[in-house]
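Colleague: Below is a structure I'd like to ask you about.
Bear in mind these aren't lab numbers, they're just calculated from the coordinates by the rules spelled out. Predicted, not measured: the structure shown is a model, and the values here were computed from it. Every residue, glycine as well, gets a Cβ built from its backbone with ideal geometry; the counts of neighbours run over all protein chains shown.
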Amino acid sequence: MAEKLNVCIVGSGNWGSAIAKIIGANVSKYNNKFVQRVPMYVYEEIINNQKLTSIINELHENIKYLPGHKLPENVFF
C-alpha cells in the first residue's frame with residue numbers, strides 16, 4: 001500500500017475556510033489515501049478578545065470569515 005498523503009490549507013479567509021470544509025470532508029471520506037489531520041495556516045487575529053486560532057480549534061468555525069459554517073473535526077490550526 002502506498003504511503004498516505006498529507007494535505008494542508010494555507011490561509012483562513014472566506015476562500016480558505018470554504019476550501020477547508022471541502023478538503024476536510026474529502027480527507028475523511030478517503031481515509032485510506034490521506035493522513036486524517038488537516039492543518040490550516042491562520043493569520044492570527046483577535047476577535048472579541050480571543051485569538052481566531054483558538055476559536056477555530058474550539059468551535060470548528062471561522063466566525064469572522066465564514067460564520068455559520070462548521071469546519072470538519074479533522075481541520076485544525
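Colleague: Excluding same-chain pairs closer than 8 in sequence, count the lysine pairs in the chain whose Cα atoms lie under 29 Å apart.
Modeller: Taking the chain as the scope, the lysine pair count is 14.
Colleague: Magnitude of the Cβ-charge dipole of the range 19-77, K/R +1 and D/E -1, about the Cα centre, nearest 20 debye?
Modeller: Rounded to the nearest 20 debye, it is 280 debye.
Colleague: For the chain, what does the alpha-carbon gyration tensor say about shape, rounded, prolate or oblate, given a ≥ b ≥ c as the root eigenvalues, a/c under 1.5 as rounded, and a/b over b/c as prolate?
Modeller: prolate
Colleague: With n ≥ 4 as the cut-off for DSSP H runs, can you work out [θ] at 222 nm for the chain, using -39500 (n - 2.57) per run divided by the number of residues, rounded to the nearest 500?
Modeller: After summing the helix terms and dividing by residue count, I get -9500 deg cm²/dmol.
Colleague: So, one more: As a test, work out the antiparallel percent of DSSP beta bridges whose residues both lie in the range 1-76, rounded to the nearest 5.
Modeller: So the antiparallel bridges in the range 1-76 amount to around 40 percent.
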